[in-house]
Amino acid sequence: MGRNLVEKIMAAHLLSGSMTPGEEAALRIDQTLTQDATGTMAYLEFEAIGAERVRTERSVAYIDHNTLQSGFENADDHRYIQSVARKHGIWFSRPGNGICHQVHLERFGIPGKTLIGSDSHTPTAGGLGMLAFGAGGLDVAVAMGGGAYYITMPRVVKVELSGRLRPFVTAKDVSLELLRILSVKGGVGRIIEWGGAGVKSLSVPERATITNMGAELGATSSVFPSDENTLAFLKAQGRERDYVPLSADPDASYEKIISIDLDALEPLIACPHMPDRVVPVSSLKGVKVDQVCIGSCTNSSLSDMLKAAAMLKGRCIAPSVSMSVSPGSRQVLTMLADCGALSDILSAGARLLECACGPCIGMGFSPNSGGVSLRTFNRNFEGRSGTRDAKVYLVSPETAVASALTGEITDPRSLGIAAPVIPLPTSFRIDDSGILPPAGPEDAAELEVLRGPNIKPVPAGRPVADEICAELTLKLGDNITTDHIMPAGAKILPYRSNVPKIAEFCFEGVDPSFPARAKAAGESFLVGGVNYGQGSSREHAALAPLYLGVRAVIAKSFARIHAANLINAGILPLCFADAADYDRLRQGDTLRLRDIHAGMESGTLTLEANGAEIPLVCAFSSRQRAILKAGGLLNYTREAEQ
């Protein structure tokens, strides 16, 4: 039996463990990336581990999230990251140089390599044939120090593409179609491998849009083969030396195969407030639009921007619409300016924003009260835009432009204009002056790491006791996202390097009284429903509850990265053996867990509540049990190095 693409890359990087689905595997990591919203904490953790120099082939620190400098906090974080990167062997992408996933695709991604990043959309690099994972900052810190990255071996699902996309149907619509099929939890415990004859019709930027959106499925990663299209992209970036052909064996096996006929797709749209609420654009014809945003790590490539510019050329957006454009990198912005496309965008009435994440994380350009915002982004969680009652829809750049021109949700096929056809350039404009190399080892010892007053130490985890008796301080429903747990936005993001301060905003949009109640309780439990912790990789969604005294989270099921982050923080993630038992618990109940250490070994624990015994389950590896008993990954790593 042959191997699929995932198995081939994992086998080449397997350090220990097993590639059997459900078993823990330890992987060698070739590259890491961070962004500034999670990077400051990752580098504080790297320093706390005591490593002097990164041991990866390439580690890059990007500044692309907290770029709104309305106070000293973000500027201080950027200065800290730049100084720690220079000292410890990390490349530094300056503010304005671009969004981490777009720049990494352009300048650093290599087929067949492994990559982890402190951002859930790190699998974007799978469009280039990398096996890339989103992870918590502490996992990234350990990998930078030369440690393995541990995952539960996923099952591999193949998506077989046939046909070719029709005019005005895009890679974004492919992503939305798979979300319609699988839902936001359909990829949990799986890697999505893309194949079939239809793959050859997709460029690397189109493939990257699809792998980027794999995060919304809950998938561990997504990956495309590395073929002649990959070579063309790398050659245009002046990096043809990095090309490696990679494909699955013809007789490779998969958990299942999903077939998508590209010829049969139409423009799709995800409705508020989940990426899997997908319907045809044509079904929402006439819905008034207040705002349109083009960009984010999903749809900010040069080809996306050139298509938008071609549709806007000689036209004006509707008077009722406010429109923004965020190019994904300085390379994209410069090439737009050089060819005149930027003028076409601006002349149509759009506003040019920085080459950064911006509106996607509520960092500026929030919608008006109750406004309808069409975005080419990857998430439309409630309140994520910065406006709690906004209605955010996810669309392709072509649908976004069509709707901006008419002032209402519009299928671009109905405009009566030709769909823009944008071939991949044979040569991109290369200027790496915005990426600063680290100092050499011989100079690093003399360099100072610069810290501002908002940068606080990493909160210390506590070893998991054998018994916990505490209050259930918050009971939550299904699909609780990390945006619910630890919101983003311009008001909160500046405190990402200050856990005591940012903890004051924990669950702000769900129950603003939670932080005070949790601190008063001393120790407490949280209870959630299905897919608890989906969304971003932000480990602050574990660190803030840790600081507030949360000792365990009990849910019907967990999103992969958040469950790992809870363990890394020394918080128990436990599941109901019977989901119906969720209804037996009430906020304010006193809950008791006994014989926790033995229960972690056996995989079954008993929760005492309201005079009843409720069975819980867990599936911790021996390493995870040791991490929890040590009080988190940071303590565990320090102890291992002593």
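Filtered by the rule that a residue be under 28 Å from Pro123 (Cβ atoms) and crowded, with 22+ Cβ neighbours inside 10 Å, the range 521-539 gives Leu526, Gly528, Asn531, Tyr532, Gly533, Gln534, Gly535, Ser536, Ser537, Arg538, Glu539. Of the residues Pro545, Pro573, Pro615, the single one that is in a helix (DSSP H, G or I) and either at pLDDT 95 or above or outside the structural domain of Thr40 (by TED's automatic domain parsing) (or both) is Pro545.
For the structure I just gave you, tell me whether Ile455 is buried (at least 17 other Cβ atoms within 10 Å of the Cβ) and either assigned to a loop (DSSP other than H, G, I, E, B) or within 28 Å of the chain's Cα centre (by Cα) (or both).
It is true that Ile455 is buried (at least 17 other Cβ atoms within 10 Å of the Cβ) and either assigned to a loop (DSSP other than H, G, I, E, B) or within 28 Å of the chain's Cα centre (by Cα) (or both).
Residue by residue, here is whether (1) surrounded by fewer than 19 Cβ atoms within 10 Å (Cβ to Cβ); (2) farther than 21 Å from Phe381 by Cα holds:
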{"site": "Lys519", "(1), (2)": "yes, yes"}
{"site": "Ala541", "(1), (2)": "no, no"}
{"site": "Leu548", "(1), (2)": "no, yes"}
{"site": "Ala552", "(1), (2)": "no, yes"}
{"site": "Ile561", "(1), (2)": "no, no"}
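Looking only at the range 186-200, residues that are assigned to a loop (DSSP other than H, G, I, E, B) and crowded, with 22+ Cβ neighbours inside 10 Å come to 1 in all. One residue alone among Ser253, Ser247, Ser183, Ser203 is surrounded by fewer than 24 Cβ atoms within 10 Å (Cβ to Cβ) and farther than 28 Å from Tyr149 by Cα, and that residue is Ser203. Does Thr170 satisfy the criteria of being touching a Pro at 6+ places or on another chain (Cβ under 9 Å), surrounded by fewer than 24 Cβ atoms within 10 Å (Cβ to Cβ) and farther than 23 Å from Tyr62 by Cβ? No; evaluated as a whole, the condition is false for this residue. Within the range 196-232, the set of residues being within 23 Å of Gly22 (Cβ to Cβ), of a type in the set (Val, Ile, Thr) and in contact with an Asp or Glu (Cβ under 9 Å, 6 or more places away or on another chain) comprises Val223 only.
Take Pro437 and tell me if it is at pLDDT 95 or above, touching a helix residue (DSSP H, G or I) at 6+ places or on another chain (Cβ under 9 Å) and surrounded by 13 or more Cβ atoms within 10 Å (Cβ to Cβ). Against the criterion (at pLDDT 95 or above, touching a helix residue (DSSP H, G or I) at 6+ places or on another chain (Cβ under 9 Å) and surrounded by 13 or more Cβ atoms within 10 Å (Cβ to Cβ)), Pro437 does not qualify. Does Ser343 satisfy being assigned to a helix (DSSP H, G or I), over 18 Å from the mean Cα position of the chain (by Cα) and surrounded by fewer than 22 Cβ atoms within 10 Å (Cβ to Cβ)? Yes: the conditions hold for Ser343. Taking (1) without any contact (Cβ under 8 Å) to a residue 40 or more places away in the chain; (2) over 16 Å from Thr152 (Cβ atoms) in turn, Arg594 satisfies each apart from (1).
Screening Leu628 with (1) surrounded by fewer than 20 Cβ atoms within 10 Å (Cβ to Cβ); (2) touching a residue at least 40 places away in the same chain (Cβ under 8 Å); (3) not in a strand (DSSP E or B) gives one miss only, at (1).
Filtered by the rule that a residue be more than 27 Å from Asp581 (Cβ to Cβ) and of a type in the set (Gly, Ala, Ser), the range 453-491 gives Ala460, Gly461, Ala488, Gly489, Ala490. Evaluating Thr220 against the criteria (1) without any contact (Cβ under 8 Å) to a residue 40 or more places away in the chain; (2) crowded, with 21+ Cβ neighbours inside 10 Å leaves one unmet condition, (1). When the range 517-564 is filtered for residues that are touching a Ser or Thr at 6+ places or on another chain (Cβ under 8 Å), over 26 Å from Arg190 (Cβ atoms) and among the charged types (D, E, K, R), the ones remaining, listed by number, are Arg517, Arg551. Hey, among Arg538, Arg551, which residue is on the phi < 0 side of the Ramachandran plot, in a loop (DSSP other than H, G, I, E, B) and touching a Gly at 6+ places or on another chain (Cβ under 9 Å)? Exactly one of Arg538, Arg551 is on the phi < 0 side of the Ramachandran plot, in a loop (DSSP other than H, G, I, E, B) and touching a Gly at 6+ places or on another chain (Cβ under 9 Å), namely Arg538. When residues of the range 367-389 are filtered for being touching a residue at least 60 places away in the same chain (Cβ under 8 Å) and either within 20 Å of His65 (Cβ to Cβ) or part of a loop (DSSP other than H, G, I, E, B) (or both), how many remain? Number satisfying all stated conditions: 16. If only residues of the range 381-418 that are aliphatic (A, V, I, L, M) and within 23 Å of the chain's Cα centre (by Cα) are counted, the one that is farthest from Asp478 (Cα to Cα) is Ala400.
Let me confirm something: among Met363, Met305, which residue is closer than 16 Å to Glu106 by Cα, buried (at least 24 other Cβ atoms within 10 Å of the Cβ) and within 29 Å of the chain's Cα centre (by Cα)? Break it down into steps so the answer makes sense when it comes.
On the way: Met363 fails: closer than 16 Å to Glu106 by Cα.
None of the other options fit; the residue is Met305.
The values are calculated or read from the model by the stated rules, or taken from the named source; none is laboratory data. Bear in mind the structure is a predicted one, so any value in this text is a computation, not a measurement. So basically every Cβ, Gly included, is an ideal-geometry build from the backbone, and we count neighbours across all protein chains shown.
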